[in-house]
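Here, each number is a calculation from the coordinates, and none is a lab measurement. If you're wondering where the values come from, they're calculated on a predicted model, not measured in any experiment. Here Cβ is always computed from backbone atoms with ideal geometry, including for glycine, and neighbour counts include all displayed protein chains.
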Amino acid sequence: MIKPLLKAAALLGASALVAQPALAAVPDAEVVSAGTAYIFNTLLFLIGGFLVMWMAAGFAMLEAGLVRAKNTSTQCLKNIGLYSIAGLMFWVIGYSIAYPGFAEGSLGLFGIAGFPYAMQGVSEADTGTGYSVASDWFFQMVFCATTASIVSGTVAERVKIVPFFIFVTVLTGIIYPVVVSWEWGGGYLDSVHGFSDFAGSTLVHSTGGWAALVGALIIGARAGRYGADGKINVFPASNIPLATLGTFILWLGWFGFNGASQLAMGTVGDASDVSKIFVNTNMAAAGGVVVAIILTQVLYKKADITMALNGALAGLVSITAEPLAPTVGQSILIGGIGGVIVVFTVPLLDKLKIDDVVGAIPVHLVAGIWGTLIVAWTGDATFVGQLVGVLLTAVWVSAASAVVWLALKYTIGVRPSEEDEMNGLDKAEIGVEAYPEFAR
Amino acid sequence: MIKPLLKAAALLGASALVAQPALAAVPDAEVVSAGTAYIFNTLLFLIGGFLVMWMAAGFAMLEAGLVRAKNTSTQCLKNIGLYSIAGLMFWVIGYSIAYPGFAEGSLGLFGIAGFPYAMQGVSEADTGTGYSVASDWFFQMVFCATTASIVSGTVAERVKIVPFFIFVTVLTGIIYPVVVSWEWGGGYLDSVHGFSDFAGSTLVHSTGGWAALVGALIIGARAGRYGADGKINVFPASNIPLATLGTFILWLGWFGFNGASQLAMGTVGDASDVSKIFVNTNMAAAGGVVVAIILTQVLYKKADITMALNGALAGLVSITAEPLAPTVGQSILIGGIGGVIVVFTVPLLDKLKIDDVVGAIPVHLVAGIWGTLIVAWTGDATFVGQLVGVLLTAVWVSAASAVVWLALKYTIGVRPSEEDEMNGLDKAEIGVEAYPEFAR
Amino acid sequence: MIKPLLKAAALLGASALVAQPALAAVPDAEVVSAGTAYIFNTLLFLIGGFLVMWMAAGFAMLEAGLVRAKNTSTQCLKNIGLYSIAGLMFWVIGYSIAYPGFAEGSLGLFGIAGFPYAMQGVSEADTGTGYSVASDWFFQMVFCATTASIVSGTVAERVKIVPFFIFVTVLTGIIYPVVVSWEWGGGYLDSVHGFSDFAGSTLVHSTGGWAALVGALIIGARAGRYGADGKINVFPASNIPLATLGTFILWLGWFGFNGASQLAMGTVGDASDVSKIFVNTNMAAAGGVVVAIILTQVLYKKADITMALNGALAGLVSITAEPLAPTVGQSILIGGIGGVIVVFTVPLLDKLKIDDVVGAIPVHLVAGIWGTLIVAWTGDATFVGQLVGVLLTAVWVSAASAVVWLALKYTIGVRPSEEDEMNGLDKAEIGVEAYPEFAR
């Protein structure tokens, strides 16, 4: 990093040459040069990308706060590990699967699809695209990581580290990219059914949700969670402020998740749209929180904090399939119904003896389906088209996840010994307790 | 921070002049097209907005760390709830009150002032403003939430959830927006007294501070806090690193709070001004920290961490009324005096038996007044004009808050039973303990 | 979110209508006016700056999580204090030393070099530079603070607050700025040896590392750490999720650290380069994590979470000297070797009885040297030139640090009494326990 004066001088010289237009016909307020638009588009990907990357920390804190203290270190390791694996796998193969048309030829710079280029630097000349290819890749990669984060929460406290990481490897390298290829990659769902999923209620959240649900079914509940007599034993969260922090981080990151999914900020219209997305995203989350608080206060005479946190997240997932088209009022309503979903689906899963440690299935799967279907009302899609997308994703992700989880179960094994589970995974798997001086 | 329309108009006028080709008089380095300026202005609101949104997490962590463990879940719930309520209320009515001139006609798209449009999407065509109306609304909304966050800290550990949320509803829907209308809305304080409050030392921080002070007086101290014999019982903070994290979050968010209150980044001059604001904001906080550490080390032979954290915040509040005009040296001085205020006002409140759990009154009210008055030295305002603004805000916010707190006290009641308070609000109000495995 | 190529094509078509003056020689996509470039460059400094500022919170959380509970408040205070002192010292004198050519004349607006201007506001007219001088100063300042953060981790739990802050004052005011002047300031290393250190593997991280190593040697190990019989007593970290949070914060901040060290975003090429840096930075960290997990799993049959966290950080430090030139594959490799360094150097230090509480010496010093030397392979530098830079930094920082630490040791003393150390610094130095309700 040489002090920038010399560099800046060169830069000023160059751009001084090219600044003046003379096209009176074009409204002045719309004038943005292609070079400037390129930088704005790239900047949107970068800002959106680092905000979504930050969501990895949000999931880590949410999950670390909601598990029992004896499994907290494991949950931290799983989260930083899955984020890393997701990045590597999306580079090795995922991106090529997700965007087949973009992984060949001049853009085929990532992973095996462009194998000769696999070790080459991220694109040099990509002005034809209107944005930096590397910035787009970064933004797409962090979405891939999000999908894996969803799974780790549901199956927490009872899956060993090695099989978990193997599952993540397949999920981020193959299962998720295939879903993406159908829609954002311009494939079947996009071209045939007009399926619409702006930022991923189905592609990201339901995908993670199905993988989590199938995992929960195959792996089974935590030891002692459901008594033989039908009694449901509550395993209380160990650290509520940590879970609260995680939720706030996710809320913040979601401005990048939804806002930057506009994919462009180089025109006045795009900048305006990104802004509307910010507002709608925020208000859907607010709706989810307020509804969850009111419902639990009315139903249980207590305002349940974990329901409020999951209400925020369900509101966010609900608006993710279409955060631009709805009015603010519609967004509050859509998010608020997300809050309703959480309050009623969490106990329902317990009745079905499906053990979802952090409530990821209600938040990401059920609210994800809700958010996707309601686009038929607010957006530019049909109910049938949306349903096809939901069902196709359900079938593929469930089947593929089942194959992987079952293969792991019957080979290296997925669960720790019951003794290890009772003592906590931190002792057995990590060797480092999360709170050696506090926990009883 | 005058509402940006006038400014934007000037800006559009100016840049309209320079966007065209043959104006040799305009320095080349100033050439920014109106479309590009629109995107930059919008981007400033969005980045500033998400940084200030993040402050909601900062207040949550600060307060969760400073209360006792038995009230931590409640404090988390109050914070995520108040942020949500603030967004909803600012949409329903707050924005219309705060910016009456902007909530009618083509811009009347929010809440009741533009009732027929209340459910309509956030503005489509707003190129006349020089920025996206939705981005501005988002930025204004997060300021509204900040005001409520201040109150929750002072009255923590002894207010039930329902009356607290009702107070927040009135504060964010009416009390705060009225104050804003006087100044940023172009009203009485702005037009008659030349009152100057760049980013809200008075409008946001003192407003929150007065509401908190009146609340503390009407609600009374926590049970057992002040002994009959005049003894002050210290209730130690339960989680110092959490409070530290909260302070760092607030510090980070303040770059958005003050920096984006420039309200424009579409000219070279505005970008330069935003940068100066970043530097001055940072240095005022640094001054507050160093002064608080030195003072407590000298006075008590210990460097008090909570004083250092509040010193940072007081430094930030102090510079908020005018973060652009001062030199760096002046900023350090102004922030440093904020640190002095904290060290001396915190024990003073205890002598007066005003129970402020997190020190929000010294930080937001007293330092907010200090920061507002000193603008007569550093900025473009008179001492009398500033004093009128401080006093008018004091009278309105105190009176209105007193009415609401008293109404709540004598109807549904504000405080939990003494038994519930001793057992902690988490058990009585939430049903979820914050740290079930740790806390004694 | 359909893949943006189609959209971008349309967008390019649209803007192609309005962009062209009549300069056929200049590619359309390159058209960015000087004023627009100025704003983009400034914005890069501001975004990069607030991300690196946020790293101060990352170090605070990482260190607060890795020390024992009885020293946590002290660690929090040291971190917020050092960030504040760094800002003040970089203003008073540091920037003038680091950038001698820029601290005089019209740019001499900071600190003593431009003494008459020391109290003046940050630059008014700096269009000649192509960016706001204040934004650049802000960005440089947060780097200075990072250097100090590194030291506080290594020498934690056994240094009194006052001598620690005095060391930080000298480090940030003189020792670090001198190193910077040699390279980024355009001095000896840059002009004579073609030394290359893009974002500071040596200038920031090794500098902090040498200061930490010399401190650890002079101050000695924590009481009871190394038994007389050669036994190494492990003092377990008190709060693993806090350390995990700190690592995620640092990872996030590193996008600013490396990305904004491009120092410009006002051209298509610069925006593309910043994007590549984001990708490479992320992938190096991912490589470090995965390697650390696999190695500890293989070597110890446990996946060590603190090794994984330090693996991420070592990966980040390793790529910092040249995050632009390498391919993605090279970046993963470089970061992965950072992970190897952590896994083998941490136990090595213990064998040498060098007590590094958080592992900062492996992460910042050893990986910093590795990252600097490997630029001879990936970047535009010679092995000898890089080695000279490493050695010169080693000699200067070690010698200067030794002088300061020794002077402190033999005057006011550096260590607390053994009784105070056993009881924890929080009681002796701060008077506020970090977790009064939890810790045993």
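Remarks
- At most 12 other Cβ within 10 Å, DSSP loop - chymotrypsin sites (Phe, Trp or Tyr not before Pro), segment C:372-440: C:410
- Dipole of the protein assembly as shown, positive direction: furthest Cα of C:178, C:305, C:57, with charges on the beta-carbon: C:305
- Summing Lys and Arg as +1 and Asp and Glu as -1 over all other residues whose Cβ lies under 15 Å from the Cβ of residue C:212 gives a net charge of -1.
- Other residues within the sphere of radius under 10 Å centred on the Cβ of residue C:355, judged by their own Cβ, net out at +1 (K and R +1, D and E -1).
- For residue B:377 and residue B:232, the difference between the fully extended length at 0.36 nm per residue and the C-alpha to C-alpha distance is 48.4 nm.
- Put the Cα centre of segment B:316-391 next to the Cα centre of segment A:355-391 and the gap is 49 Å.
- Dipole magnitude of chain B, debye to nearest 20 (Cβ charges: Lys/Arg +1, Asp/Glu -1, about Cα centre): 1040 debye
- Each copy carries a label point for residue A:229 at 7 Å from Cα toward Cβ; from one copy, the others' points are 5.1, 5.1 nm away, ordered from shortest.
- Between the helical axis of B:305-320 and the longest alpha-carbon principal axis of chain B there is an angle of about 30 degrees.
- Each copy carries a label point for residue A:406 at 7 Å from Cα along the beta-carbon vector; from one copy to the others these points are 7.2, 7.2 nm apart, nearest first.
- 10 Å binning of all Cα-Cα separations within chain C, expressed as whole percents from 0 upward: 5, 21, 31, 24, 13, 5, 2, 0, 0
- Taking chain B and dividing mean pair separation by its residue count, relative contact order in percent (alpha carbons under 8 Å, at least six apart): 23 percent
- Label-to-label distance, nm, for residues given as residue A:412 and residue C:406 (7 Å Cα→Cβ offset): 5.3 nm
- Inter-copy label distances at residue A:188, shortest first and taken from points set 7 Å along Cα to Cβ: 6.7, 6.7 nm.
- Rounded to the nearest 20 debye, dipole of segment C:296-439 from Cβ charges on Lys, Arg, Asp, Glu: 580 debye
- By the rule of a C-alpha distance below 19 Å, with chain neighbours fewer than 8 residues away ignored, the lysines paired with residue C:301 are A:70, A:78, A:160, A:427.
- Surrounding net charge for residue A:331, when Lys and Arg each add one and Asp and Glu each subtract one, Cβ distance under 15 Å: -1
- Sequence-distant aspartates and glutamates (8 or more away, or on other chains) whose Cα lies within less than 18 Å of residue A:231: A:350, A:355, A:356
- Normalised contact order of segment A:341-440, rounded percent, pairs of Cα under 8 Å and 6 or more residues apart: 12 percent
- Hits among aspartates and glutamates - C-alpha to C-alpha of residue B:353 under 15 Å, sequence gap 8 or more where chains match: B:229
- Against chain C, whose longest principal axis is taken from its Cα atoms, helix C:161-170 shows a tilt of about 40°.
- Using the Stokes-Einstein relation with a Kirkwood hydrodynamic radius computed over Cα pairs, the translational diffusion coefficient of the protein assembly as shown at 20 °C and a viscosity of 1.002 mPa s comes to 71 µm²/s.
- For chain A, the longest principal axis of the Cα atoms and the long axis of helix A:383-409 meet at an angle of about 60 degrees.
- Less than 5 angstrom separates the built amide H of residue C:159 from none of the residues sequence-distant by 5 or more or on a different chain.
- Calculated mean residue ellipticity, 222 nm, chain A: -19500 deg cm²/dmol, from DSSP H runs (n ≥ 4) at -39500 (n - 2.57) each, averaged per residue and rounded to 500.
- Modelled FRET efficiency - R0 22 Å, residue C:348 with residue C:398, Cβ distances, 0.05 increments: 0.75
- Sorted by Cβ neighbour density within 10 Å, fewest at the top, the residues A:299, C:316: A:299, C:316
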